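The values are calculated or read from the model by the stated rules, or taken from the named source; none is laboratory data. As the structure is a computational prediction, the values presented were derived from the model and not from experiment. Cβ atoms come from the backbone with ideal geometry, glycine included; neighbour counts cover every protein chain shown. Heavy atoms of the whole protein, side chains included, go into the accessibility calculation; ligands, DNA and RNA do not. Shrake-Rupley method; radii C 1.70, N 1.55, O 1.52, S 1.80 Å.
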Amino acid sequence: QEKSHTIAPLFQEFVMSFCESTASEQHPVNVLRYILNIPTRNTFQTPCINPDLRDQLNDQMPYLWLIHCLWQWVHANVGEAVDAFERALGTVMQQDVVQQLWLDYLLFTNSKLIGSKCKSRDFKMFTDLVHRCLVTVPTRFTVPFSSADYWTNFQFHNKVIFFYLGCLPHSQQSSALERLRYIMPTNTELALRLLQQEWCDGNIEHLKLQARMLTSSVPHCLPVWRIAVAVERELNGRVEVRHLYSQALQKLPLCATLWKDVIFFPTNTYPELISSIYRML
């Protein structure tokens, strides 16, 4: 930020390096828009792109879109910046760049909420944009060398969700998490974040219900079982703790951490579990 005055000269030098010397008087934004095949309202002389660089430019096109969006964010009005992001998202296919475009787009949109005269309307638009991001960016990817098997990755989506939650008042975070959990029922990290929120809000009974539901939907997730047990211990539900440990060991019979939890819990509450330990050893 202390050297922001150097951005424009560096941008000009970078973009104009793609052109032959005859294009030295062109505005760099127009040159970049020409390279990206973006229509321009102003009539200007078509820049002459160095033919030796065309293949390299084609390979770097997704990153040129990123640069164009950031430039528009800083130097253009809101409508032009939005147009840049929308065009980029409709053009770029490279997943890492698409994700970065979405993050920049959301940061830009959220920054415009500060000082807004219609915060309720604008925040709803921001929320809609977040939801659109979450449902359009894929979470399923094919396993290498197999077209039939898939794996899921919610890392980017959780990054967006946690950013969005940071924009909400604390009182609205729990309800927002429940809505997002409904959209992504297989997102385990999001489910755990919802449990954490319920605990922070002091909703013990609701936390108990959510944890028990998760033991059925994601039965091989150890943290879910441990949270469910911790809630029952908080509520002094020793019978339920005994039942939960039995269920958990059926789903995760080789989980050393779970067996340690069982061993170090008071043995007089579930002697048959201790007996089963010895049978396993």
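Residues in region 138-168 that are at pLDDT below 90 and not hydroxyl-bearing (S, T, Y): R140, F141, V143, P144, F145, A148, D149, W151.
Identify all residues within region 211-244 that are assigned to a loop (DSSP other than H, G, I, E, B) and either under 19 Å from I263 (Cα atoms) or without any contact (Cβ under 8 Å) to a residue 12 or more places away in the chain (or both); write none if there are none. Residues satisfying the conditions are N236, G237.
Pairs meeting the criteria (first residue in region 156-179 and free of Cβ contacts under 8 Å to residues at least 12 places away in the same chain, second residue in a helix (DSSP H, G or I), beta carbons under 8 Å, at least 6 apart or on different chains) are L168/A176.
Being modelled with pLDDT under 85, in contact with a helix residue (DSSP H, G or I) (Cβ under 6 Å, 6 or more places away or on another chain) and more than 22 Å from D96 (Cβ to Cβ): is that true of S116 here? Yes, satisfied. In region 104-119, the residues that are farther than 24 Å from K159 by Cβ form Cβ pairs under 7 Å with partners that are of a type in the set (D, E, K, R) and open to solvent by 20 Å² or more (accessible area, probe 1.4 Å), at six or more places apart or across chains, as follows: S116/D122.
One residue alone among Y150, Y182, Y164 is more than 17 Å from A248 (Cβ to Cβ) and surrounded by 19 or more Cβ atoms within 10 Å (Cβ to Cβ), and that residue is Y164. Every test in (1) open to solvent by 60 Å² or more (accessible area, probe 1.4 Å); (2) modelled with pLDDT under 90 is passed by L254 save one, and that test is (2).
Yes/no matrix, rows are residues, columns are (1) over 30 Å from N37 (Cα atoms); (2) charged (D, E, K, R):
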| residue | (1), (2) |
| --- | --- |
| C69 | no, no |
| A76 | no, no |
| D149 | yes, yes |
| H170 | yes, no |
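Beta carbons closer than 7 Å, at least 6 apart along the sequence or on distinct chains, pair a first residue in region 126-140 that is in a loop (DSSP other than H, G, I, E, B) with a second that is among the β-branched types (V, I, T) for V137/V98; T139/T152.
Taken over region 46-74, residues that are part of a helix (DSSP H, G or I), free of Cβ contacts under 8 Å to residues at least 60 places away in the same chain, surrounded by fewer than 15 Cβ atoms within 10 Å (Cβ to Cβ) and out of contact with any Phe, Trp or Tyr (no Cβ under 7 Å at 6 or more places or on another chain) amount to 8. If the condition is being farther than 22 Å from T186 by Cβ and open to solvent by less than 20 Å² (accessible area, probe 1.4 Å), then region 208-230 contributes only V229. Among the residues that make up region 82-92, is at least one of them in a loop (DSSP other than H, G, I, E, B), open to solvent by 20 Å² or more (accessible area, probe 1.4 Å) and either out of contact with any Lys or Arg (no Cβ under 6 Å at 6 or more places or on another chain) or at pLDDT 95 or above (or both)? Yes, region 82-92 contains a residue that is in a loop (DSSP other than H, G, I, E, B), open to solvent by 20 Å² or more (accessible area, probe 1.4 Å) and either out of contact with any Lys or Arg (no Cβ under 6 Å at 6 or more places or on another chain) or at pLDDT 95 or above (or both).
Just name the residue that is surrounded by the most Cβ atoms within 10 Å (Cβ to Cβ) out of those in region 8-31 that are part of a helix (DSSP H, G or I) and at pLDDT below 80.
Top of the filtered list is A23.
Taking the criterion of being loosely packed, with under 12 Cβ neighbours inside 10 Å and in a helix (DSSP H, G or I), the residues of region 108-125 that qualify are S111, S120, R121, K124. Among the residues of region 68-78, is there at least one that is over 24 Å from V135 (Cα atoms) and touching a Leu at 6+ places or on another chain (Cβ under 7 Å)? Yes, because at least one residue in region 68-78 is over 24 Å from V135 (Cα atoms) and touching a Leu at 6+ places or on another chain (Cβ under 7 Å). Considering the conditions (1) touching a strand residue (DSSP E or B) at 6+ places or on another chain (Cβ under 9 Å); (2) modelled with pLDDT under 85; (3) hydrophobic (A, V, I, L, M, F, W, C), F44 is excluded by exactly one of them, (1).
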